[in-house]
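Each remark here refers to the structure printed beneath this line.
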2 protein chains.
Amino acid sequence: MQETASVQRGAQARVAHQLRARITQGNLMPGAVLSESALAQEFGVSRTPIREALKQLQTEGMVVIKPRVGTFVSAPSRLEINELFEVKEILEGAAARLFAARGNIPELELLRENVRRSDEAVAAGDLDRFVALVHEYHDLIITGAGNSKLTQHYRTLMNQLLYSRFVHMSLRRSGRAPQSDHEHQSILQAIEARDGVTAERLMRDHVRASQQALMDVLNFDGAEHRLSGPTSPAP
Amino acid sequence: MQETASVQRGAQARVAHQLRARITQGNLMPGAVLSESALAQEFGVSRTPIREALKQLQTEGMVVIKPRVGTFVSAPSRLEINELFEVKEILEGAAARLFAARGNIPELELLRENVRRSDEAVAAGDLDRFVALVHEYHDLIITGAGNSKLTQHYRTLMNQLLYSRFVHMSLRRSGRAPQSDHEHQSILQAIEARDGVTAERLMRDHVRASQQALMDVLNFDGAEHRLSGPTSPAP
DNA sequence: TTGACACATCTTGCATGCATCATTAGCCTC
DNA sequence: GAGGCTAATGATGCATGCAAGATGTGTCAA
């Protein structure tokens, strides 16, 4: 379901992949309007593949199609963000538990390496690098659970959360990077000890802490307008 | 994301809803081919809304579209079924825990009523009625968790599992109905006691038991051919 | 000035037609 | 007779055109 190989896969798949990237990377703000004809012109295809791509993104929860009105980038409310984080906590906690139960799998060494590099990045104050490593860390945890369906649902969830954007905001502005890195270490230790119960508990704490940090940042910013900015600049 | 109000919602939504129903209710066997033109003729619309509906079902995981070849009802492998059950266990266990934490919500009385009726149905040997009540029970647990995103992902998961069909097979052929009913009672008691930890554990046990029952039935049947039957009868 | 109403405009929803590619049946060759 | 090749067939992928509905604006009346 996730786009892996994207070479020569038809216009519709290309468009969907591109739009997903733009939304998660923040090039398209929540609330922004996605005009079929404009996208068709931009991508050099007709409206049909654009429509199909938008439909797909809708069922993935990244855009909302108002019939006869238009398509808009999802602007999750505060409540929805909290709900999504609750599900994230559930899935990721379970993934940590499953990972621990699997013992010495290839992902374990990758996770160790990831934590090593994260320590360096934090020590060097390289936040951009740390953000990238955070993504890799959570991805390793999920894939290390060895359940492709869990991975699928998790990826969809992260898209719905627009997580990439949030983790960026949160880590850059809350000063939580060292704490987050430390929590990653603790979870890794529990996994290395094959202590699934502890790994799950620590991971759930970690997710809640990052959620709290994000909420603090959002509240501090006043923020709602920052999440669902106006479609077009004021005249 | 789930079709709730389906009146006058455009051809595409109608078609998607219809096809979902046919697949989950078993009118369309896994592996069956869904021809765009045939469906277009049957529904009295053009291929366009059919295509969009199929695309949507694909991202929901209920059908597989082979480019330039055709669309087929998903035929989950044994491995995929087990993976999906693992996710089911995670989500539903968490839902039971969250439900218990919410205390005296409207769903609790509905759950009590459901268990009462289930007892009656089992006592009367009315399996069809019990199957319907089982669906309602699990739906109440999920909605009672009070997290709409959790509900969304759960519904999608059940569609991917073709759960409706499986629970039917499993309960009808394993003789597990009384045991299942008893487990429902125990979970309810834990929820009533607001013991989230126990509710989660019991629910996870319950899901695993139903998974095991299904696997036994599948193995006993020889079964793979029963899951992904041939597209067309042999000549 | 404010309110409602009608209309122009822009959007998507759907129908239709053509191009492209996978499949398969038949034929030819070995 | 078996295997490979070719062409017909049927499917989907995409382009385009038209229709229906929603939104915003301008006008008119109170």
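The values are calculated or read from the model by the stated rules, or taken from the named source; none is laboratory data. Small disclaimer: the values here were computed from a predicted structure and weren't measured. Here the Cβ positions follow ideal geometry from the backbone for every residue, glycine too, while neighbour counts run over all protein chains shown. For the accessible areas, the whole protein counts, side chains as well, though only heavy atoms, and no ligand, DNA or RNA atoms are used. Shrake-Rupley method; radii C 1.70, N 1.55, O 1.52, S 1.80 Å.
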Item to check | Candidate set from segment B:100-114 (those that are within 20 Å of the chain's Cα centre (by Cα) and open to solvent by less than 20 Å² (accessible area, probe 1.4 Å)); member that is farthest from A:Glu86 (Cα to Cα) | outcome: B:Asn114
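Can you pull out the residues in segment B:50-65 that are closer than 23 Å to B:Gln152 by Cβ, part of a helix (DSSP H, G or I) and not polar (S, T, N, Q)? Let's see the steps before the verdict.
Of the residues in segment B:50-65, the ones closer than 23 Å to B:Gln152 by Cβ are B:52-65.
Checking which are part of a helix (DSSP H, G or I) leaves us with B:52-60.
B:Glu52, B:Ala53, B:Leu54, B:Lys55, B:Leu57, B:Glu60, listed by residue number.
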Checklist entry - Among the residues of segment B:5-14, is there at least one that is part of a helix (DSSP H, G or I), more than 11 Å from chain A (Cβ to nearest Cβ) and not hydroxyl-bearing (Ser, Thr, Tyr)? => result yes
Next on the checklist: Can you report the number of residues in segment A:66-81 which are assigned to a helix (DSSP H, G or I) and either within 9 Å of DNA strand C (Cβ to nearest atom) or at the interface with chain B (Cβ under 9 Å from one of its Cβ atoms) (or both)?
Outcome noted: 2
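Quick one: would you say A:Ile50 is within 13 Å of another protein chain (Cβ to nearest Cβ), near DNA strand D (Cβ under 8 Å from one of its atoms) and hydrophobic (A, V, I, L, M, F, W, C)?
Numbers: within 13 Å of another protein chain (Cβ to nearest Cβ): yes; near DNA strand D (Cβ under 8 Å from one of its atoms): yes; hydrophobic (A, V, I, L, M, F, W, C): yes.
For A:Ile50, the condition - within 13 Å of another protein chain (Cβ to nearest Cβ), near DNA strand D (Cβ under 8 Å from one of its atoms) and hydrophobic (A, V, I, L, M, F, W, C) - is met.
Could you tell me whether B:Leu39 is open to solvent by less than 30 Å² (accessible area, probe 1.4 Å) and more than 11 Å from every other protein chain (Cβ to nearest Cβ)? Please lay out each step first, then the result.
Details: open to solvent by less than 30 Å² (accessible area, probe 1.4 Å): yes; more than 11 Å from every other protein chain (Cβ to nearest Cβ): yes.
Here the answer is yes, as B:Leu39 does meet what is asked.
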Next on the checklist: Restricting to segment B:175-201, count the residues that are crowded, with 18+ Cβ neighbours inside 10 Å, touching a residue at least 40 places away in the same chain (Cβ under 8 Å) and farther than 16 Å from B:Glu92 by Cα.
Outcome noted: 2
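The rows are residues; the columns are (1) more than 19 Å from B:Gly103 (Cβ to Cβ); (2) among the hydroxyl-bearing types (Ser, Thr, Tyr); (3) surrounded by fewer than 21 Cβ atoms within 10 Å (Cβ to Cβ); (4) not assigned by TED's automatic domain parsing to the domain that holds B:Leu28.
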| site | (1), (2), (3), (4) |
| --- | --- |
| B:Arg116 | yes, no, yes, yes |
| B:Glu120 | yes, no, yes, yes |
| B:Gly125 | yes, no, yes, yes |
| B:Asp128 | yes, no, yes, yes |
| B:Glu136 | yes, no, yes, yes |
| B:Ile141 | no, no, no, yes |
| B:His153 | yes, no, no, yes |
Next on the checklist: For segment B:53-65, give me the residue count where each residue is open to solvent by 10 Å² or more (accessible area, probe 1.4 Å) and within 14 Å of DNA strand C (Cβ to nearest atom).
Outcome noted: 4
Next on the checklist: Can you say whether A:Gly44 is at positive phi and away from DNA strand C (no atom under 13 Å from the Cβ), as far as the supplied structure shows?
Outcome noted: yes
Checklist entry - Taking the condition more than 17 Å from the chain's Cα centre (by Cα) and within 16 Å of DNA strand D (Cβ to nearest atom), does A:Arg97 pass? => result no
Item to check | Every residue from segment B:1-22 that is at pLDDT 90 or above, within 16 Å of DNA strand D (Cβ to nearest atom) and of a type in the set (A, V, I, L, M, F, W, C) | outcome: B:Ala13, B:Val15, B:Ala16, B:Leu19
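Please find, within segment A:17-36, the residue that is most open to solvent (accessible area, probe 1.4 Å) out of those that are near DNA strand C (Cβ under 8 Å from one of its atoms) and out of contact with any Lys or Arg (no Cβ under 9 Å at 6 or more places or on another chain).
By that ranking, first place goes to A:Val33.
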Checklist entry - List, please: which pairs have Cβ atoms under 8 Å, are six or more places apart or on different chains, and start with a residue in segment A:15-44 that is farther than 21 Å from A:Arg155 by Cα and in a loop (DSSP other than H, G, I, E, B) and end with one that is open to solvent by 70 Å² or more (accessible area, probe 1.4 Å) and more than 14 Å from DNA strand C (Cβ to nearest atom)? => result A:Gly31/A:Pro230
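Matching residues to (1) more than 16 Å from B:Gln212 (Cα to Cα); (2) among the hydrophobic types (A, V, I, L, M, F, W, C); (3) out of contact with any Pro (no Cβ under 9 Å at 6 or more places or on another chain):
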| residue | (1), (2), (3) |
| --- | --- |
| B:Tyr137 | yes, no, yes |
| B:Ile141 | yes, yes, yes |
| B:Ala145 | yes, yes, yes |
| B:Leu161 | no, yes, no |
| B:Val167 | no, yes, yes |
| B:Ser170 | no, no, yes |
| B:Arg176 | no, no, yes |
| B:Ala193 | yes, yes, yes |
| B:Gly196 | yes, no, yes |
Checklist entry - Which of the residues that make up segment B:128-149 are within 14 Å of another protein chain (Cβ to nearest Cβ) and under 22 Å from B:Leu57 (Cβ atoms)? => result B:Ile142, B:Ser148, B:Lys149
Checklist entry - Restricting the first residue to segment A:52-81 and requiring it to be among the aromatic types (Phe, Trp, Tyr), which pairs with a second residue that is within 13 Å of DNA strand C (Cβ to nearest atom) meet a Cβ separation below 6 Å and a spacing of at least six or different chains? => result A:Phe72/A:Val33; A:Phe72/A:Val64
